[in-house]
1. Return only the number of the condition from (1) closer than 16 Å to Leu62 by Cβ; (2) of a type in the set (A, V, I, L, M, F, W, C); (3) modelled with pLDDT of 95 or more that Leu24 does not satisfy.
2. Among the candidates Asp21, Asp39, Asp34, which residue alone is open to solvent by 60 Å² or more (accessible area, probe 1.4 Å) and either out of contact with any helix residue (DSSP H, G or I) (no Cβ under 6 Å at 6 or more places or on another chain) or under 24 Å from Gly68 (Cβ atoms) (or both)?
3. Working only within the stretch 42-74, note down all residues that are among the hydroxyl-bearing types (Ser, Thr, Tyr) and either surrounded by 12 or more Cβ atoms within 10 Å (Cβ to Cβ) or under 17 Å from the mean Cα position of the chain (by Cα) (or both).
4. Please verify whether Phe77 is surrounded by 16 or more Cβ atoms within 10 Å (Cβ to Cβ), within 18 Å of Gly15 (Cα to Cα) and aromatic (Phe, Trp, Tyr), treating the condition exactly as stated.
Amino acid sequence: MLRIFLSSHGRFASGLKSSLDILLGSSDNVTVFDAYVDDTSVQEQLEAFYGSVSEGDQILLLSDLYGGSVNQVMFTFLERPNTRLVAGVNLAFLLEAASRTEMSDEELDELIGQSRDMLRRVQLETSPNTEEDFF
């Protein structure tokens, strides 16, 4: 089973989880931790999370910011079995990942690429004002 641990600076992680639950329904395979809002550390939460996973579970650690303190703590868990880490997570990525029960490295890389494509500038299209274009 794919198990996801999502953590961020502040309440970004729980906000993503809230949106995820609205769009997908309950997402029991996603655990969130909002870092730096109380005295609990990312390290402590990750240790507790790993205490609940089964031997055959795939673990996907997700952080908000590459190189940030949350990501740095998660990085130290990459030696654990079946663990992968993705930084810079967005809702498009989380929606797709949370709907899966397993994911290969190739599928993960493809999903990261698709999620990057979701970040884009949106603007009005302008067109010449001619009668042909009107109809």
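1. Of (1) closer than 16 Å to Leu62 by Cβ; (2) of a type in the set (A, V, I, L, M, F, W, C); (3) modelled with pLDDT of 95 or more, only one is false for Leu24: (3).
2. Numbers: Asp21 fails: open to solvent by 60 Å² or more (accessible area, probe 1.4 Å); Asp34 fails: open to solvent by 60 Å² or more (accessible area, probe 1.4 Å).
Among Asp21, Asp39, Asp34, only Asp39 is open to solvent by 60 Å² or more (accessible area, probe 1.4 Å) and either out of contact with any helix residue (DSSP H, G or I) (no Cβ under 6 Å at 6 or more places or on another chain) or under 24 Å from Gly68 (Cβ atoms) (or both).
3. Answer for the stretch 42-74, where residues must be among the hydroxyl-bearing types (Ser, Thr, Tyr) and either surrounded by 12 or more Cβ atoms within 10 Å (Cβ to Cβ) or under 17 Å from the mean Cα position of the chain (by Cα) (or both): Tyr50, Ser63, Tyr66, Ser69.
4. So Phe77 fails the test.
The values are calculated or read from the model by the stated rules, or taken from the named source; none is laboratory data. Not measured: the values here are computed from a predicted model. Here Cβ is always computed from backbone atoms with ideal geometry, including for glycine, and neighbour counts include all displayed protein chains. Protein only, heavy atoms only, side chains kept; ligands, DNA and RNA dropped before computing areas. Shrake-Rupley method; radii C 1.70, N 1.55, O 1.52, S 1.80 Å.
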